[in-house]
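J.: Quick one: the structure is below, questions incoming.
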Amino acid sequence: MTLAMQFLALPLPLTLLALVSTAQCSSTPLHLPLKYRTAFQNSAERWQAIGAAMTNKWGAHDESARRRSTSNAGTVASLPLEDLSVDSSYSATIQVGTPPQSFQVIVDTGSSDLWLAGPQCISCDMDMFATSQSSTYKETSEGIRISYGSGAASGYVASDTVTMGGHTVEGQTLAVMSSVSSGIKVNDVSGLMGLGFESIASTDSTPFWLAVVQGGGWAQPLMGFHFERWIDRADADIVEYGGELTLGGTNTSAYTGDVDFVDLPLGMAGGFWNLPLTSVSLLGNTTLTINAQTIGRSTTPDVAYAAIDTGTTLVGAPPDWVAQFYSLIPGAVKGTDSWSAYYLYPCDTNIKLSFTFGSKTWTVSEADFKIQQVTKTMCAGGLFGLDTGSGTNSPAFVIGALFLKNVYSIFRANPPSVGFAVLAEPGDPVGQTATGVALSGAVARRSLISPLPCALTLVLVTLVGLL
């Protein structure tokens, strides 16, 4: 879902042939650094915007409002967003068209569509896709409209050659945006690359990453993420190193030990990277069992689904469950005014938040949970109430960067699963990539860099304003 958003539309029949072209495979993939964008200041308004954006992205929607436009969009509007500051979102560079044009796009495992600002979006304040300059660009007559709580974006469905990390898909379906509401703005980012499954693609097409996998372009059907943390750094600049995305393998120097994979539940048709969440604990000794039957998100007792979303900043959970969580923290209260979407707790409380997936428990750094000091004694927590709907395929929890910065995460296409591993200690060399995953328990060793890989580590940019 992450320009932190979801294409809300009924699918229309659309056939766009995607032909995959890849570089010759190598046993060791190329590794490239990421960059990260921060805002100039931290404020209540920033976190209010983050909460609103996450609610707009994952909140329950009226299905009757989901539709595909049957005509191209009209007027063009500006695209302003709240400055969401550090650790908000992450983007990578892609190339589109012939000759290729480069764009920064959000990398989002919570959605499955690729979209870019088009030439009619003259007030978007971002790099636009010059469609007339691409000899391989093909436009369809199908329009598309994306709705959010803060506005809408409209455009049309097209296809063109798309390259990411050295892998190319010819005839890749994408949406070209021509009109956006004034309540939405993406500064230097031109769009979004969805990394979810095909069933949630509003363009009714195969996502780019899956087309590469199906074409045999990756050494292994894996995407590995390592996200840097800047939320606790007062010296964070506008652009900072943000971690790495590795396509077709993993960066073995970024983690140690085993990778613990958890399969996606069978029969889940939602198309998200949903994992069964067994329990959540805090303060190191209090465990909150997930009563999924009460939450209404699973047919299995004591298990609820959690969407693992690289395009979301925080962690959202059912509001009643969140209230129960904070009731266990002495002195915690519901926020008011600009902080009404959050809970506040005494800053001197050492919050040890942990999530259990399958049989393995992973802990969140206190620096990530404590998103901001609100008063002299009270701080805001990064776990907040989110109603994602009542369907059994709807995830009860949405797990974003707040958690993902604390693990090395691997998204595997076959069998569909997500794996987590312990991050390497700070100061360990990062920059080595391997096409395999360390499942033996041994600490990963340094490997060489290949100029033409099947697995490729990309430059990512974490940026302001998107979930």
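J.: Tell me whether region 313-328 contains one or more residues that are surrounded by fewer than 20 Cβ atoms within 10 Å (Cβ to Cβ), in a loop (DSSP other than H, G, I, E, B), free of Cβ contacts under 8 Å to residues at least 24 places away in the same chain and assigned by TED's automatic domain parsing to the domain that holds Leu282.
T.: The answer is no, given that none of the residues of region 313-328 is surrounded by fewer than 20 Cβ atoms within 10 Å (Cβ to Cβ), in a loop (DSSP other than H, G, I, E, B), free of Cβ contacts under 8 Å to residues at least 24 places away in the same chain and assigned by TED's automatic domain parsing to the domain that holds Leu282.
J.: I've got another one for you. What number of residues within region 90-123 satisfy the criterion of being assigned to a strand (DSSP E or B) and not aromatic (Phe, Trp, Tyr)? Spell out the reasoning first.
T.: Quick first cut of region 90-123, residues assigned to a strand (DSSP E or B) only: 90-96, 101-108, 114-117.
From what is left, the residues that are not aromatic (Phe, Trp, Tyr) are 91-96, 101-102, 104-108, 114, 116-117.
Final tally of qualifying residues: 16.
J.: Within region 392-406, restricting attention to residues that are over 13 Å from the mean Cα position of the chain (by Cα) and in contact (Cβ under 8 Å) with a residue 60 or more places away in the chain, which residue is nearest to Lys370 (Cα to Cα)?
T.: In the first step, residues of region 392-406 are kept if they are over 13 Å from the mean Cα position of the chain (by Cα); the result is 392-397, 406.
Restricting the remaining residues to those that are in contact (Cβ under 8 Å) with a residue 60 or more places away in the chain gives 392-397.
Values: Thr392: 31, Asn393: 30, Ser394: 27, Pro395: 24, Ala396: 22, Phe397: 19 Å.
Applying the filter and picking the extreme gives Phe397.
Every residue, every condition in (1) buried (at least 24 other Cβ atoms within 10 Å of the Cβ); (2) of a type outside the set (S, T, N, Q); (3) at pLDDT 90 or above; (4) within 22 Å of Ala92 (Cβ to Cβ), yes or no:
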site: Glu142; (1), (2), (3), (4): no, yes, yes, no
site: Thr163; (1), (2), (3), (4): no, no, yes, yes
site: Leu192; (1), (2), (3), (4): yes, yes, no, yes
site: Gly215; (1), (2), (3), (4): no, yes, yes, yes
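J.: Going through region 93-107 one residue at a time, which ones are out of contact with any Asp or Glu (no Cβ under 7 Å at 6 or more places or on another chain) and buried (at least 23 other Cβ atoms within 10 Å of the Cβ)? Working first, answer last.
T.: So the first thing to find is which residues in region 93-107 are out of contact with any Asp or Glu (no Cβ under 7 Å at 6 or more places or on another chain), and the list is 93-95, 98-102, 105-107.
Within region 93-107, Ile94, Val105, Ile106, Val107 meet the criteria.
J.: Go through (1) surrounded by 18 or more Cβ atoms within 10 Å (Cβ to Cβ); (2) of a type outside the set (Lys, Arg); (3) under 24 Å from the mean Cα position of the chain (by Cα); (4) part of a strand (DSSP E or B) for Thr310 and report which single condition fails.
T.: All conditions are met except number (4).
The values are calculated or read from the model by the stated rules, or taken from the named source; none is laboratory data. Predicted, not measured: the structure shown is a model, and the values here were computed from it. Glycine also receives a Cβ, built like all others from the backbone with ideal geometry; neighbour counts cover every protein chain displayed.
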